[in-house]
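> One structure, as structure tokens, below. Some questions next.
The values are calculated or read from the model by the stated rules, or taken from the named source; none is laboratory data. Please read these numbers as outputs of a predicted model, since none were measured by experiment. Heads up, the Cβs are rebuilt from the backbone with ideal geometry, glycines too, and the neighbour counts pull from every protein chain shown.
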Amino acid sequence: MQIELPARLPFSLPAVVRSHGWIQLAPFESLGDLGAFRYVDLLSSGKVVELRLNPAPSGVSLSVDADLLPSDTEEIQGKLTWMLGLDQDFSDFYALASREPKLAYIVKQARGRILRSPTFFEDVLKTILTTNTAWGGTKRMVSALVDHLGSPLPSDPGCRAFPSPAQVASLDEDALRNTIRLGYRAPYVLELARLVSGGALDLEAFKTSDLPTHELRAQLLAIKGVGGYAAANLLMLLGRYDYLPVDSWAIKVVSHEWYEGQPIGPSQVEAAFEPWGEWKGLAYWFWDWVYLK
DNA sequence: GGTAGACCTGGACGC
DNA sequence: GCGTCCAGGTCTACC
């Protein structure tokens, strides 16, 4: 099956794929420099399918090598619309960014969308695995989860989907700690998986919630393992940009941008982007940093 | 409300 | 090859 999914323009598949590191985490796999990628997905019907995405003139081209029911196709289209932000509108942000030399490039390059996982459970779990570790550690932990627990792709059993909450909850804390090697994060991941698989926590509802951002943030902070940095990152994935994901990297780049590399704290990072209001997260994310030149 | 220490792993470094 | 130190956010206990 091959279909084309339209996107609200301007749209750039490479811009979405390169928006952050998710493309490097299983079961995503980049397929070249033009934004093409594949993703192994477990559908609600239980089928495991490989989704292949390529750029197309009006959005993206999807190919799936599997027999699908209409309900499967509808589910896949809905997931990809969310993952790639196909219907997101950044015109208000672009109007502001076009007047800021450090952000003007994003309009030309159609930046703004941030690659998401199909489920918010996957994004929350992966975000917890980004905290207090190097990026290599995050990749290792995610790969171990997928390899040990994910459902295999029938045509290539070596490739697996991201495990469902029930699949993660099927392991005990000791196995998550010592086999998957999540370390001290194991009880956080297990509690999250149990809450979601048991129905006590509806993470998918976060996607469409109309709660004010500060209330949504409070609910995210109630998840064990999610602190201020992780919550801000997750809010960005939900399309809420009014909190900054302040980590050691943010402090470093802001220090070099405005404080000549001198030691600063989180409050200086916050102050630097305060004028951007509801767009501060995006302004920070796509800022053309002096430090990177 | 603010702060100190613990948590766990991998990488860098010195020997 | 081995041991030590450090970086990376969050949680808990304490003040």
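> Go through the range A:167-190 residue by residue and tally those that are more than 16 Å from DNA strand C (Cβ to nearest atom) and not in a helix (DSSP H, G or I).
Within the range A:167-190, residues that are more than 16 Å from DNA strand C (Cβ to nearest atom) and not in a helix (DSSP H, G or I) number 4.
> Only residues in the range A:207-229 that are more than 21 Å from A:Ser267 (Cβ to Cβ) count as the first member; pair them with residues that are small (Gly, Ala, Ser) and within 12 Å of DNA strand C (Cβ to nearest atom), Cβ under 8 angstrom, at least 6 apart or cross-chain, and list the lot.
A:Leu220/A:Ala230; A:Leu220/A:Ala231
> Could you please give the count of residues in the range A:212-223 that are within 11 Å of DNA strand C (Cβ to nearest atom), in a loop (DSSP other than H, G, I, E, B) and surrounded by fewer than 20 Cβ atoms within 10 Å (Cβ to Cβ)?
1
> Among the candidates A:Arg99, A:Arg111, which residue alone is part of a loop (DSSP other than H, G, I, E, B), basic (Lys, Arg) and over 18 Å from the mean Cα position of the chain (by Cα)?
That would be A:Arg99, the only listed residue that is part of a loop (DSSP other than H, G, I, E, B), basic (Lys, Arg) and over 18 Å from the mean Cα position of the chain (by Cα).
> Do we have any residue at all in the range A:109-116 that's over 25 Å from A:Lys293 (Cβ atoms), surrounded by 18 or more Cβ atoms within 10 Å (Cβ to Cβ) and in contact with a helix residue (DSSP H, G or I) (Cβ under 6 Å, 6 or more places away or on another chain)?
Yes, that holds for at least one residue.
> Can you confirm whether the range A:191-209 contains a residue that is within 12 Å of DNA strand C (Cβ to nearest atom) and not in a loop (DSSP other than H, G, I, E, B)?
So far as the range A:191-209 goes, yes, one or more of its residues are within 12 Å of DNA strand C (Cβ to nearest atom) and not in a loop (DSSP other than H, G, I, E, B).
Okay, residues lined up against (1) within 21 Å of the chain's Cα centre (by Cα); (2) among the acidic types (Asp, Glu); (3) modelled with pLDDT under 95:
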position	(1), (2), (3)
A:Val146	yes, no, no
A:Asp156	no, yes, no
A:Ser170	no, no, no
A:Glu191	yes, yes, no
A:Ser197	yes, no, no
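> Sticking with this one: Would you check which residues across the range A:224-259 are within 16 Å of DNA strand B (Cβ to nearest atom), hydroxyl-bearing (Ser, Thr, Tyr) and crowded, with 19+ Cβ neighbours inside 10 Å and list them?
A:Tyr229, A:Tyr243
> Hey, another quick one. Would you confirm, using the coordinates I've provided, whether A:Ala250 is under 20 Å from A:Arg116 (Cβ atoms), small (Gly, Ala, Ser) and modelled with pLDDT of 90 or more?
In short, no.
> Condition test on A:Glu75, is it more than 17 Å from the chain's Cα centre (by Cα), among the acidic types (Asp, Glu), modelled with pLDDT of 95 or more and part of a strand (DSSP E or B)?
Answer is no for this residue.
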